[in-house]
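These notes concern the structure reproduced below.
The values are calculated or read from the model by the stated rules, or taken from the named source; none is laboratory data. As the structure is a prediction and not an experimental result, all values here were calculated from the model. Heads up, the Cβs are rebuilt from the backbone with ideal geometry, glycines too, and the neighbour counts pull from every protein chain shown. Calculation scope for accessible area: heavy atoms of the full protein, side chains included, ligands and nucleic acids excluded. Shrake-Rupley method; radii C 1.70, N 1.55, O 1.52, S 1.80 Å.
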Amino acid sequence: LETTVPIALEPISGACGAVASGVDLRHELSSAALEEIENALDRHLVLIWPGQPLTAPEQAAFTRRLGPPSPVPFIQPTADHRDVVAIARRAEEPPRFNPAGGWHSDFSFLPEPPSYTVLQAVDVPPFGGDTIWANQYLAYNALSPPMQALLAPLGAVHSAARAFAPSMQAAFDALAEANVVTGPEAFDQEVHPVCVVHPGTGRPSLYVNREYTIGLDGLASQEAQPLLDFLAQHSTRAEFTCRWRWSRGDVVVWDNRCLQHMAMPDYRGHARRMLRTTVNGSRPVRFVESAAAVGAAGEQPR
Ligand code: SIN
């Protein structure tokens, strides 16, 4: 079935994010519609389709149109579809357990982290629980040239140890919705460049996050930690962000390669349940500033 093109886009902030309309996500997408979605993602980084509830197979099928599914370590799939995981907390569960409640880029500890994430709201709290995204092109561009030069050769060490170490299994088991199987592979480490180039847009962005980045390759922790603390704070500055107040059936797609995100943990006493699918990505590539590109790095992405 053909979908309606063109897609209408309404930005939700000056940094990133746009509400999209003109596509019925339940239907097979034409190549033209798919290309439009990918181009819109390159421009806006986060695309939001309000009120388009999908079954788990429909969400998986839509996601697979964007690319093959990413491996999903630690989190078990839902009973409805092997590509789909639930990111959820029940109303009575302790507010100190906040699924996706810290800034991160999905599974950045993988050798090939997911390119896109698709998230659908199936149960939303009456208040709170927004998702916030931070544009990492803007974060890179806002650094001074000496700081960009300092970071350019550095590799960041990513690991799932803080999130999925075996010592956390009992805590996950106490939660009805977590569906997490921890393992020693949480201690595996991957080094990715601190400054990466997006494979689609060719633009530089930062690629570090507080949840999964545990060090800087070759630096002592006393050297690395102040830099990582600065980057964590800088990369999530309010002016780089957009946020979405979810309603049931909203579907959002975002590009992990140039964003961080978090689920705002402010819905104490209420349930929140999201269904997530992810698209396989490629190994992040270091940004190397060519002579021709000097001066262009400050351009805004949209
Ligand atoms: C995620 O981190 O992928 C989920 C974000 C959310 O639940 O808002």
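The DSSP beta bridges internal to the chain are antiparallel in roughly 95% of cases.
Calculate what fraction, in whole %, of the accessible area of region 76-120 sits on carbon and sulfur atoms when a 1.4 Å probe is rolled over the protein chains. Using a 1.4 Å probe with all protein chains present, region 76-120 comes out at 48 percent carbon and sulfur.
Computed over region 48-115, the Cα gyration tensor eigenvalues convert (square root of 5λ each) into semi-axes of 22, 18, 13 Å, ordered from largest to smallest.
Rg/Rh, computed from the Cα trace of the chain with Rh as the Kirkwood radius, has the value 0.95.
Stokes-Einstein diffusion of region 167-302 at 25 °C, 0.890 mPa s viscosity, Kirkwood radius from Cα pairs, rounded to a whole number: 134 µm²/s.
Under a 5 Å amide H cut-off, with hydrogens placed 1.01 Å from N, Val19 pairs with Glu10, Ile12, Ile48 among residues at least 5 apart or on other chains.
In the chain, the calculated helix contribution to ellipticity at 222 nm averages -6000 deg cm²/dmol per residue, counting -39,500 (n - 2.57) for every DSSP H run with n ≥ 4.
Rolling a 1.4 Å probe over the protein heavy atoms of region 164-302, with every protein chain left in place, gives an accessible area that is 53 percent carbon and sulfur. Charge dipole (Cα centre; +1 on Lys/Arg Cβ, -1 on Asp/Glu Cβ; no other charges) of region 1-99 amounts to roughly 420 debye. Shape descriptor for region 1-110: Rg over Rh equals 0.99 (Cα atoms; Rh from the Kirkwood inverse mean 1/r).
Counting only protein heavy atoms and a 1.4 Å probe, region 222-291 has 44 square angstrom of accessible area per residue. Amide H contacts of Val285: Val197, each under 5 Å away and 5 or more positions distant or on a separate chain (H built 1.01 Å from N in the peptide plane; Pro and chain starts excluded). The H on the amide N of Leu259, modeled in the peptide plane, is under 5 Å from the matching H of Gln136, each at least 5 residues off or on a different chain. Here the mean projected area of the convex hull built on the C-alpha positions of region 125-182 is 6.9 nm².
Ligands, DNA and RNA are left out, and with a 1.4 angstrom probe the accessible area of region 24-154 is 38 Å² per residue.
Once you list every other residue whose beta carbon is under 14 Å from the beta carbon of Ala186, what net charge do they have if Lys and Arg are +1 and Asp and Glu are -1? Result for the neighbourhood of Ala186: -3. Potential lengthening of the chain between Gln222 and Arg283 amounts to 19.2 nm, from the contour at 0.36 nm per residue minus the alpha-carbon distance.
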